[in-house]
1. Relative contact order for chain B: what is it in percent, counting Cα pairs under 8 Å that are at least 6 residues apart?
2. Which shape class, rounded, prolate or oblate, goes with region A:16-68 when its Cα gyration tensor gives a ≥ b ≥ c as root eigenvalues, a/c under 1.5 marks rounded, and past that a/b bigger than b/c marks prolate?
3. For region A:148-189 and region B:177-203, what is the separation of their Cα centres, given in Å?
4. So how tilted is helix A:62-75 from the main axis of chain A? Cα-based, degrees 0 to 90, rounded to 10.
5. Hey, in the GNM for chain A with a 10 angstrom Cα cutoff, which one of A:Gly77, A:Gly86, A:Gly95 fluctuates hardest?
6. Do you know the relative contact order of chain A, to the nearest whole percent, from alpha carbon pairs under 8 angstrom that are 6+ apart?
7. Within chain B, what's the longest stretch lacking chymotrypsin sites (Phe, Trp or Tyr not before Pro) that sit in DSSP loops with no more than 16 other Cβ atoms inside 10 Å?
8. Please give the charge dipole size of chain B, origin at the Cα centre, charges +1 on K and R Cβ atoms and -1 on D and E Cβ atoms. Round to the nearest 20 debye.
Amino acid sequence: MSWTAYLPMLWQGATVTMTITLAAIVCGAMLAFVFGILRVEGGPILSAVALCYTEVFRGTSLFVQLFWFYYALPLVGLSFDPITTGILVLAAHVGGYGAEIVRGALASVSVQQLEAARALNFNRAQTLFRISLPQAIVEMMPAFGNLAIETLKLSSLVSLISIADLTFAAQSIRNITLDSASIYSITLVCYFAMSLVLMAAVRVIEHFVRRGDVFPRSAHS
Amino acid sequence: MMYGYEWDTTTWVTYTTSILPIILIGLTVTLKAAAAGFAIALVLGLVFALLRRSRVKVISWTTAVIVEFLRDTPLLVQLFFLYYVLPDFGIVLPAFLTGALALGLQYAAYTSEVYRGGIEAVHHGQWEAATALNMTRMQAYRDIILPQAVPRIVPAMGNYLVAMIKETPVLSVVTVLEMMGLANMIGERTFEYLVPLTLVGLIFLLLTLICSAGLHRLHKALPKAGIPLR
């Protein structure tokens, strides 16, 4: 059995990996913005909740979280299929890191900008969405790019809760053929290729964000 | 190592107290693996950083590709690669060492970037002064550049140590019995996964909070710009 025979199975696994990664990036980004904004604007109670969320999901290992939710959710009557559990846990984990990025970027918006907004009689929502976020989002992009790659890499852990992703496919083929060297080399190259594509995609998004197309009415330098 | 251990699953309190001792043994394995992995990452990362800055284009480009590859591929697959492929080439390591090596390799890619940033932040005049004093490149690195670079990179390195501690559960897939491996094993025998997993999660949380607080104090204690340059 030559190594080309592995490719269809690995490709199937790779599509699952891509699906999980993209879904987790999208859900994670939403969580990141919600909790990141709550950390800054939420008032004492909501910002404490957001702080707890980020500390718990950043402080405990993803490995533990995956298994914990895999076993815990059915006990409270929530039986998802493993893929949904995998996506949700991965999203919550990277969302915790993302929320810190959002918080940091919002905190780095200069005070003069906020003073100017106040002078123009902007309310808090207007200040956030018209002044702070459009500037902060540009600052966030490089860190979000790294986090996207991190998500792809961490998605390999979902193979351990019986999801047939790329890593899982590699493991199954190895268990049959024992041809470790070529299978794992191909798998590593696949992940590397996906990372490069992801990085390119982040560059493109960053380009658009920098041009101000996302926020056409923002005061852009 | 599980023989002779008894656990009492009547309530979660008795269950927790009965598995705590064995989980704490797992904690020592976790910490040892992280320490070994971090030691490898610190040494190898410096080697990568210096090779990356080599004047020979072939060396610096090859290193750049290797570092990028290590950084952009999952630790789990790298670990499987080392665990299953190294024996094919006659290199048979204990699972613990394979695991530490995998952690070390992945984080060497991260630390090499930290070293590179630290080295590049050293003022250009320092290199000129070293050249003026007729030092070799090697001497300049050892006596001039690195002593100034190291204090600034300590906080970043600390963050990677914390991150690495949180990644050690991955080693349980190649039979290293650290905290997570033990928790799963206890779960398999008692069909009660939640208590051991929650316990492990809490220990990780405590560990990272303590480490972060320690790092914060260390960061405060270090001079802002490292050793004064001029």
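The numbers here are math on the coordinates, done by the rules we state, and not lab data. Since we're looking at a predicted model, the values are computed, not measured. Cβ sites come from the backbone with ideal geometry, for glycine too, and all protein chains shown count toward neighbours.
1. That works out to 27 percent.
2. oblate
3. Centre-to-centre distance over Cα atoms comes out at 24 Å.
4. Here the helix axis deviates by roughly 90 degrees.
5. Largest GNM mean-square fluctuation: A:Gly77.
6. RCO, chain A: 28 percent.
7. Formally, the longest exposed-site-free interval is B:6-190.
8. Details: 16 positive and 13 negative charges, 245 e Å.
Charge dipole, chain B, about its Cα centre: 1180 debye, nearest 20.
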